[in-house]
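Reviewing the structure listed below.
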Amino acid sequence: MERKTFELGDIVLMKKQHPCGANEMEIIRMGMDIRIKCVKCKHSILLPRMKFEKSLKKVLRSAADETSPGDA
């Protein structure tokens, strides 16, 4: 099984919804634990990396795609 790749600042789609009804989250901290923030209500959640990787469905918008090389 291929590991999913994600970076700081990515917007990801989770398998389960947040209680507010949104399932889009932004990655705001990475390490042994991953902190994600709900795009709709701005609530942040700290998950162990393994649990985050299991509940990650796909990366919607990558932070690397939003920065163009002409910005400076």
For the pair Met50 and Glu7, how long in nm is the line joining their label points, each one 7 Å along Cα→Cβ? 2.8
Among Ser62, Val12, Ile45, whose Cα projects farthest towards the positive end of the dipole of the chain, with charges put on the beta-carbon of Lys, Arg (+1) and Asp, Glu (-1)? Ile45
The chain accessible area per residue, 1.4 Å probe, protein heavy atoms, integer Å², reads 73
Would you work out what percent of the accessible area of the chain, with all protein chains in place, is carbon or sulfur (probe 1.4 Å)? 54
Other residues with Cβ under 14 Å from the Cβ of Ala22 give, with Lys and Arg +1 and Asp and Glu -1, a net charge of +4
Taking a label point 7 Å from the Cα of Asp65 along Cα-to-Cβ, the residues of segment 11-51 whose backbone nitrogen sits under 13 Å from it are 11-13
Overall dimensions of segment 8-70 as given by Cα atoms, namely Rg and Dmax in Å: 11.7, 39
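The values are calculated or read from the model by the stated rules, or taken from the named source; none is laboratory data. The structure presented is a predicted model; accordingly, all values stated were derived computationally and were not measured. So basically every Cβ, Gly included, is an ideal-geometry build from the backbone, and we count neighbours across all protein chains shown. Each accessible area value is taken on the protein alone, full model and side chains, heavy atoms only, with ligands, DNA and RNA left out. Shrake-Rupley method; radii C 1.70, N 1.55, O 1.52, S 1.80 Å.
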